[in-house]
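The values are calculated or read from the model by the stated rules, or taken from the named source; none is laboratory data. Remember, predicted model here, so these are calculated numbers, not experimental data. Virtual Cβ from ideal backbone geometry, glycine too; neighbours counted across all protein chains shown. Protein only, heavy atoms only, side chains kept; ligands, DNA and RNA dropped before computing areas. Shrake-Rupley method; radii C 1.70, N 1.55, O 1.52, S 1.80 Å.
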Amino acid sequence: PRVMVNLGLEPVEAAFLGEIFYSLFDVSGTGKVSPGALPKIIEYLIQESSSSSVTEFGFEIFGNTKDGRLTKGEMASLVSLFWDSKLENLILTEGAVVSFYKFLERELSGELMRFYLTALFWDEREMTTKLLKTLPERREKLKTTTMPLRIAERLYSKFIKEGAKEQVNLSDTQREFVRSQLEIAESQNEKSVRWSIFESSVDEVQKLMESGKIGRFKREERDSHNYASKYVWSSLNVAQNDTLSFSMFREWTIRNPVILKYFLRIQRDLRKLKAGTEAVLKVEQARKSLADEIEEKRQSWASVASTMTNDSAFVPQTLHSDLGPLDY
């Protein structure tokens with residue numbers, strides 16, 4: 001990433017591309033890609049993207065099989081990179097939130113996801129994929145939304161109150177804040193409260209899931225391919241021992257437009273990185289050309305100096321006899 005920053009990328013962009021480069025090209029497993037290989041890698045990826053649709057670009061760079069198909073391992077690598085450590089990315093990927101929830105259950109922390117989704121979708125009776133995809137807009141809307149006091153108290157009693165049946169891991173400060181806000185609303189005979197009294201609790205739980213649990217979930221996916229098997233292959237009616245054709249992959253990306261946006265971001269950052277690389281190469285070529293010119297002149301001057309020193313024909317013979325001895 002440091003090399004990419006020097007080539008003109010923002011640190012966030014460099015870290016984003018760096019993780020992809022390591023995943024695709026770190027064949028030695030050292031966690032490093034040689035700076036000398038960077039121009040070739042960029043050129044390869046740009047060539048893949050220049051003559052392809054966005055979907056073809058993603059299929060080609062993440063699919064390394066010679067038969068032009070995508071394996072479960074390659075799909076696991078793709079989604080793991082896209083998810084990064086962001087819960088929102090995971091939720092916006094079809095089926096991934098179910099897979100992650102089952103992982104949390106195995107870690108005995110399923111209450112984190114239950115609280116998170118219940119708090120965000122408190123007014124919905126059933127959680128659907130279509131509903132989950134509205135998450136970014138819904139979070140903004142909730143900031144100015146009120147909710148019935150009885151529902152807020154139920155949410156507090158089930159997940160936040162000390163000793164609650166499904167108590168989530170929150171700071172004492174946050175737990176006390178929600179309790180006091182509900183107490184004030186009740187003492188004033190309010191029928192509703194601002195949803196925003198739960199916002200910091202939701203943020204804390206989200207950070208808790210993002211700080212370690214998503215990382216472990218991604219490692220499990222790379223090893224077991226659970227999500228690829230149960231939610232990608234199954235939804236496309238592909239045999240579990242088969243690989244994905246491009247048409248199958250395209251069908252999956254159509255259902256997951258966030259993946260297409262991810263590919264577009266890769267293309268955009270690659271073009272920016274290529275422009276920076278080309279600029280540096282031009283400077284290096286100019287520097288080398290100047291160094292070659294200086295070296296050529298130095299050799300020419302050295303040749304002249306050598307002639308002046310060693311070639312007696314250069315000095316008239318009469319000067320030798322007429323000067324005589326020199327006194328200092």
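Observations on the structure shown:
- When S192 is tested against (1) under 25 Å from the mean Cα position of the chain (by Cα); (2) surrounded by 13 or more Cβ atoms within 10 Å (Cβ to Cβ); (3) among the polar types (S, T, N, Q), only condition (1) is not met.
- Residue pairs whose Cβ atoms lie under 7 Å apart, sitting 6 or more positions apart in sequence or on different chains, and linking a residue in the range 124-136 that is free of Cβ contacts under 8 Å to residues at least 12 places away in the same chain to a partner that is open to solvent by less than 50 Å² (accessible area, probe 1.4 Å), are E124/L131; M127/L117; M127/F121; L131/F121.
- Pairing residues of the range 248-265 that are modelled with pLDDT of 90 or more with residues that are of a type in the set (S, T, Y) and open to solvent by 10 Å² or more (accessible area, probe 1.4 Å), at Cβ distances under 6 Å and at least 6 apart in sequence or on separate chains, gives R250/T55; T253/T55.
- Single residue of the range 67-80 satisfying the filter (over 13 Å from A96 (Cβ atoms) and not basic (K, R)) that is most open to solvent (accessible area, probe 1.4 Å): D67
- Consider the range 156-181 and keep the residues that are part of a helix (DSSP H, G or I) and either open to solvent by less than 10 Å² (accessible area, probe 1.4 Å) or among the hydroxyl-bearing types (S, T, Y) (or both). The one that is farthest from L90 (Cα to Cα) is S180.
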